[in-house]
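In what follows, a structure is listed as structure tokens, so that the remarks can point back to it.
The values are calculated or read from the model by the stated rules, or taken from the named source; none is laboratory data. Values in this document were obtained by computation on a predicted structure and should not be read as measured data. Glycine gets a Cβ as well: all are built from the backbone with ideal geometry, and neighbour counts include every protein chain shown.
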Amino acid sequence: MPPMTDDRYETDLSTPSRRSGEPRFDTPIVPRNSISGRALVAVVAIMTFLASMTVGAVFQVRHAAADWQSDVAKEMTIQVKPMSGRNIDDDVARAVALAKGIPGIAGVKPMSKADSAKLLEPFLGAGLSLDELPVPRMIVVTLASGAIADLAQLRRVLASEVPSASFDDHRGWVERMRAMALSAVFAGVVVFALVLAATILSVTFATRGAMATNRPVIEVLHFVGARNAFIAGHFQRHFLLLGLQGGAVGGGAAIVLFAILGLVSRWFSGSVGGQETSALFGTFSVGLAGYLAVVAVIVLIALVTAFTSRHTVNRTLEAID
């Protein structure tokens, strides 16, 4: 009489991850369309969306900070203060001539009294006469693209020939912008790490719930000789698919949002509000690197989901031993 067999435990030699004699399932150990599985997909989608938004914000801040630093580093100012016994117009003309004589400086533009009045108008009001106020005169110095000017020499000649003039290369502003960009990147890394931690915890609880639901089947498989790696592999594949589904939904939503914001930013770039926004935050665009980073986040979330479930299953099976 031939031995009785069960279709659930037929040997499938075509599966490379399984040894001969290990059980084969026509249906998976972990149900694919369970309520907990759909809930985990939603959680992973939300976590991926938040992580992608964090990555996009970091890229945007870095781009904006780089643009600010570039703009500030290209222009410097010479401030000529009124001084007793000296003619400020002569001092301005002499400072302009000295600045033009420094190699690497592309342009030198002195600001007139009318220009100074316009700068002070938002603070002191319109129609202000500057004749009776000791208002300094400003000279805008622009560096040539790719050139390195000897700013130390400019400081020396100004100090010796125009004692009422002071030179500012805006280095303090550049350092503050760099510090701000680094702080934003650090905050983004912290938020990203918290999102990954929340994802790991969610997957851990979901895996334990799935194992608790299917504990009788898992114990039978374990005691009849199924390897821990075989059982863990089912959970890993199941949660990898869930992680990919949730990651694709969340990451795809973030990519669509970035594209829409980029289009809106370009659409309103010609308006006054758009110009002010661009001056403050730059043109909203995460670039190709930002989109590739979002794809990397999707893959990372899926891998974290898969390996977290495998680790949880292995620890649970070790406890059964």
Surrounded by fewer than 18 Cβ atoms within 10 Å (Cβ to Cβ), modelled with pLDDT of 75 or more and more than 30 Å from VAL297 (Cβ to Cβ): does that describe PRO122? no
Residue by residue through the range 54-65, note down the ones that are closer than 12 Å to VAL189 by Cα and of a type in the set (A, V, I, L, M). VAL55, ALA57, VAL58
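With ALA99, ALA66, ALA93 as the choices, which residue is touching a helix residue (DSSP H, G or I) at 6+ places or on another chain (Cβ under 7 Å) and either surrounded by fewer than 19 Cβ atoms within 10 Å (Cβ to Cβ) or in the same structural domain as ALA147 (by TED's automatic domain parsing) (or both)?
On the way: ALA66 fails: touching a helix residue (DSSP H, G or I) at 6+ places or on another chain (Cβ under 7 Å); ALA93 fails: touching a helix residue (DSSP H, G or I) at 6+ places or on another chain (Cβ under 7 Å).
Going through ALA99, ALA66, ALA93 in turn, the sole match is ALA99.
May I ask you to verify whether ASP91 is within 45 Å of the chain's Cα centre (by Cα) and either farther than 19 Å from ALA144 by Cβ or part of a helix (DSSP H, G or I) (or both)? Lay out the reasoning, then the answer.
Numbers: within 45 Å of the chain's Cα centre (by Cα): no; either farther than 19 Å from ALA144 by Cβ or part of a helix (DSSP H, G or I) (or both): yes.
No; evaluated as a whole, the condition is false for this residue.
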Going through MET83, MET138 one at a time, which residue ends up being in contact with a strand residue (DSSP E or B) (Cβ under 6 Å, 6 or more places away or on another chain) and at pLDDT 75 or above? MET138
